[in-house]
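Have a look at the structure below, then the notes.
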Amino acid sequence: MIVAVEPSPFGIIARLWAYQRERFPLAIIVPMLLTFSVSSVSASAHLAGRPIPGLWAYAAAFILSLSTFWALHVAQEIRDAGLLKVTRPDLPIQRGLVSLTLIGSLGAAGIVLALAVAYAYHAFLLVPLGFVVVWIGLVTAGFFAPRTVRARPPLHLLGHTLTVPMIDFVVTSLEWAPETGGPPPGLWTFLLMSLANGCILEISRKVRSPVSRKAKRGYYSNAWGVSGCLIAMGAFAAIAYASIVAYGSYMGMASYFAEVGLLVFIPFFCCLMAFARHPIPVLEKTVAAASRIWIAACYVVAAGLPFIWDR
């Protein structure tokens, strides 16, 4: 007689840890979200000409960022579960390492945590956060037309990346909501940079070399070709660069941001050009890494440069 044994909590934790390594790698995501959170709160203070807020604001910003981006990831897992069962049976949920119900429950817990932190910090935050939660719900439902959205890469791209400036708006409100109740002048420049960089990150995750054994997984490279993807990434990088210069102009520091931004933009552009000339798997990974470095550098420059040069 076989007796079913419930999995121990330690077994569940081990499986979740394996899941995050494959699908939500904290070693990469946590440093990026720390940079994102610190920069967003600081940028709002810089634009308003106020001192930076206390540590609690930055802690709340990180918790809100991590929980909402986690919930967005879970929304995509739920939306794509059926498709991935056919195309990627090796993934953790599809091969039975963890259940979709468990991951979905943890995604819902992330939303609850975000709402609780927002309310504890300042009740107004529930308003912009509510829009984020609704948008994540739409992502889960595939905007009620999942096949149509997936068949049109621009719609697919915006469906993912519009969430980034929405979350960024919530995070910046940790600084400005308690002070004035309204965003500082020029905040749109920072949000536009976030949107452009979100597009870069999304495309870089789904572009593959034609000779790669994972070429079929390159959603954007299959739709637009490698050259089309790199042109799009270069265009979004130019938008992000222009945005950060415009952001600097609100503080009378446009020339400083233009010069420092070029120090990061040029190496990133050269990396894209190298992959365009030699679309091989090793450079495919380099582009993904360079995209993350570029994005992190944009946020570091936005937060740090005003501390170095007086306005």
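The values are calculated or read from the model by the stated rules, or taken from the named source; none is laboratory data. It should be emphasised that the depicted structure is a prediction, and the values quoted were computed from it without experimental measurement. With ideal geometry, Cβ positions are generated from the backbone for all residues, glycine too; neighbour counts draw on all protein chains shown. Quick note on the areas: whole protein, heavy atoms, side chains included, nothing else; ligands and nucleic acids left out. Shrake-Rupley method; radii C 1.70, N 1.55, O 1.52, S 1.80 Å.
Points worth noting:
- If only residues of region 251-296 that are within 24 Å of the chain's Cα centre (by Cα) and among the polar types (S, T, N, Q) are counted, the one that is modelled with the highest pLDDT is Ser291.
- Helices (runs of 4 or more DSSP H) contained in region 140-196 and holding at least 1 residues basic (Lys, Arg): 146-150
- Within region 107-119, the set of residues being free of Cβ contacts under 8 Å to residues at least 40 places away in the same chain and either out of contact with any helix residue (DSSP H, G or I) (no Cβ under 9 Å at 6 or more places or on another chain) or open to solvent by 10 Å² or more (accessible area, probe 1.4 Å) (or both) comprises Ala108, Ala109, Val112, Leu115, Ala116, Tyr119.
- Candidate set: region 8-42, residues that are among the aromatic types (Phe, Trp, Tyr) and open to solvent by less than 60 Å² (accessible area, probe 1.4 Å); chosen: the one farthest from Leu106 (Cα to Cα): Phe36
Here's the yes/no breakdown for (1) in a helix (DSSP H, G or I); (2) modelled with pLDDT under 95; (3) of a type in the set (A, V, I, L, M):
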| residue | (1), (2), (3) |
| --- | --- |
| Val3 | no, yes, yes |
| Gly11 | yes, yes, no |
| Val30 | yes, no, yes |
| Leu33 | yes, no, yes |
| Phe36 | yes, no, no |
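- Test: residue in region 83-94 that is under 15 Å from Ala61 (Cα atoms) and open to solvent by 20 Å² or more (accessible area, probe 1.4 Å): no
- Number of residues in region 284-311 that are assigned to a helix (DSSP H, G or I) and more than 15 Å from Ile203 (Cα to Cα) equals 13.
The rows are residues; the columns are (1) touching a residue at least 12 places away in the same chain (Cβ under 8 Å); (2) under 22 Å from Thr161 (Cα atoms); (3) open to solvent by 50 Å² or more (accessible area, probe 1.4 Å).
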site: Gly228; (1), (2), (3): no, yes, no
site: Ala232; (1), (2), (3): yes, yes, no
site: Tyr241; (1), (2), (3): yes, yes, no
site: Val260; (1), (2), (3): yes, no, no
site: Leu263; (1), (2), (3): no, no, yes
site: Phe275; (1), (2), (3): yes, no, no
site: Ala302; (1), (2), (3): yes, yes, no
site: Trp309; (1), (2), (3): yes, no, yes
